[in-house]
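Report on one structure; see the data block that follows.
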Amino acid sequence: MEAVLDVVAGTGVVLLLLAAASVDRRWARGLAVAAVAAAVYALHPLAVRQSLTAFVGGLDGAGVQTLAALLAFDGVLGCGGVALLLGAGHGRPLRWFERLAARHVGIIPAPALFYVEVKAFHAASGWTFSTTALALCLAVVVAGLGGSEAIRRLLPDRDLRAELRLLVHVGQVVLATGLTAFALQGGVRSTGAAVEAGPLAVVAGAAALGVLAGYWSHRRRLRRIAD
């Protein structure tokens, strides 16, 4: 189960880097990453008191279903935001709330950073409290600035970065479906709350169809522009 949580946290970190890479001005990117590091530092008293074993082992069928629902919800909202962003790239004007929705990266980066923080304190249990907190925040700043800059250099085109973000959000929905299947097969402790696959299957199917239709439309517009 811990390996699955590592993948979930990885998607959150990638989305965070993509969000930082979408900021055009370098000083603004630095400010955004510094704000994230400050939030991580603010949460470290919670993380250091959190038992990683209890955090991972405490996930039962209902907990996995909640995580799957959060991933699916986050992925669907993210896909919608990317669709708006790609539409703006084709000249479609966006109202202010649509611009806000287009910049929505998701809510997964927040619990992902908390989980990474828990693991960092668990791995560095021999260090002092303050040293571990400082090292973790410095790592967030270095990884955030370096990762966002690398993404901008490797993918200078905004549409390509948006398509990568779309791929990560689709991966979230797929991962949510896999988590539900894992729980249904008895891979986690059973509880009184039954695990239901139907609602998530509908959400995943609708999201997949919407993504395919939107991506096909986006590519068709690009071909028209190229011709």
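Worth a mention:
- Any chance R153 is basic (K, R), open to solvent by less than 50 Å² (accessible area, probe 1.4 Å) and part of a helix (DSSP H, G or I): no
- Just one of the listed residues (V168, V203, V142) is under 30 Å from L43 (Cβ atoms), open to solvent by 50 Å² or more (accessible area, probe 1.4 Å) and modelled with pLDDT of 85 or more, namely V142.
- Within the range 7-25, the set of residues being in a helix (DSSP H, G or I) and either farther than 14 Å from G171 by Cβ or open to solvent by less than 20 Å² (accessible area, probe 1.4 Å) (or both) comprises V8, A9, G12, L15, L16, L17, L18, A19, A20, A21.
- Flag if V211 is part of a helix (DSSP H, G or I), within 21 Å of A69 (Cβ to Cβ), modelled with pLDDT under 75 and of a type in the set (V, I, T): yes
- Checking each residue in the range 109-145 for being more than 23 Å from the chain's Cα centre (by Cα) and aromatic (F, W, Y) picks out W127, F129.
- When the range 121-139 is filtered for residues that are open to solvent by 60 Å² or more (accessible area, probe 1.4 Å) and either touching a Leu at 6+ places or on another chain (Cβ under 9 Å) or aliphatic (A, V, I, L, M) (or both), the ones remaining, listed by number, are H122, A123, L134, L138.
The values are calculated or read from the model by the stated rules, or taken from the named source; none is laboratory data. Only a predicted model underlies this, so the values are computations on that prediction, with no experimental measurement involved. Note that we place each Cβ from the backbone using ideal geometry, even for glycine, and neighbour counts take in every protein chain shown. Side chains included, ligands, DNA and RNA excluded: accessible areas come from the protein's heavy atoms. Shrake-Rupley method; radii C 1.70, N 1.55, O 1.52, S 1.80 Å.
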